[in-house]
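See below for the structure under consideration.
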Amino acid sequence: MTSTAWLTVLTTTDSEEKARLLAQGVVEARLAACVQISAPVTSVYRWHNAIETTQEWQLLLKTTAERYDELEAHLQEAHDYDAPEIIAMPVVRGSARYLGWVSAETAPVTSGGS
C-alpha cells in the first residue's frame, strides 16, 4: 500500500517515566495507535549558547496525517521541554493490514447516540 496518509512522529523526553506518560496519553486520546519507546539515547545539541549532552528517551508514534495537528498540540501541551522535538515523517509504504489498524485506532470517536 502506498500513501502519505500515515505518519511516524518522533519526539524525545528526559526520563522513562515521562516517555511512558506521553505514550499513554496519546494512545488514550486516540492520537496515535502505537508508541514505541527506545531508551536511552544520547543527544548532543546547542541550547542557550552551550553544547549539551544528555540522555533522552525517544518515542516513535504511529498516526495518520489527519490526526497530526491534534497530536502535535497534545504533545506541546503535555511536554515539559521549552521546544520539544516533534518531527513527522511520512510512511511511504506499509502493509495494508497494519495501516488499516493505525487508521482504525486513531479515528476520532463520534457520539453515535440517538
For this session: At 7 Å along the Cα-to-beta-carbon direction for both residue 4 and residue 49, put a label point, then send me their distance in nm to one decimal.
Result: 3.9
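To the nearest 20 debye, what is the magnitude of the charge dipole of the chain about its Cα centre, counting +1 on the Cβ of each Lys and Arg and -1 on the Cβ of each Asp and Glu?
The dipole magnitude comes to about 580 debye.
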Seminar exercise, completed: Here the range 78-91 yields Karplus 3J(HN,Hα) values (6.51, -1.76, 1.60; θ = phi - 60°; whole Hz; Gly and Pro given as x) of 7, 7, 9, 7, 5, 9, x, 6, 9, 10, 9, 10, x, 8
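For residue 41 and residue 70 in one chain, what is 0.36 nm times their gap in residues minus the Cα-Cα distance, to one decimal in nm? Intermediate values should be presented prior to the final figure.
Values: separation 29, 0.36 × 29 = 10.44 nm, distance 2.66 nm.
Residue separation times 0.36 nm, minus the Cα-Cα distance, leaves 7.8 nm.
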Problem set entry | Extension gain from residue 92 to residue 20, taking 0.36 nm per residue of separation minus the Cα-Cα distance | 23.2 nm
Exercise. Mean shadow of the chain, computed from the convex hull of its alpha carbons, in nm²?
Worked result: 8.4
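Would you mind telling me the share, in percent, of accessible area of the chain contributed by carbon and sulfur at probe 1.4 angstrom?
Of the solvent-accessible surface of the chain, carbon and sulfur hold 51 percent.
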Exercise. Heavy-atom accessible area per residue, the range 12-114, 1.4 Å probe: how many Å²?
Worked result: 64
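Among residues other than residue 107 whose Cβ falls under 13 Å from its Cβ, what is the net charge (Lys/Arg +1, Asp/Glu -1)?
Residues near residue 107 contribute -1 overall.
The values are calculated or read from the model by the stated rules, or taken from the named source; none is laboratory data. Remember, predicted model here, so these are calculated numbers, not experimental data. With ideal geometry, Cβ positions are generated from the backbone for all residues, glycine too; neighbour counts draw on all protein chains shown. The accessibility values were calculated without ligands, DNA or RNA, using every heavy atom of the protein model including side chains. Shrake-Rupley method; radii C 1.70, N 1.55, O 1.52, S 1.80 Å.
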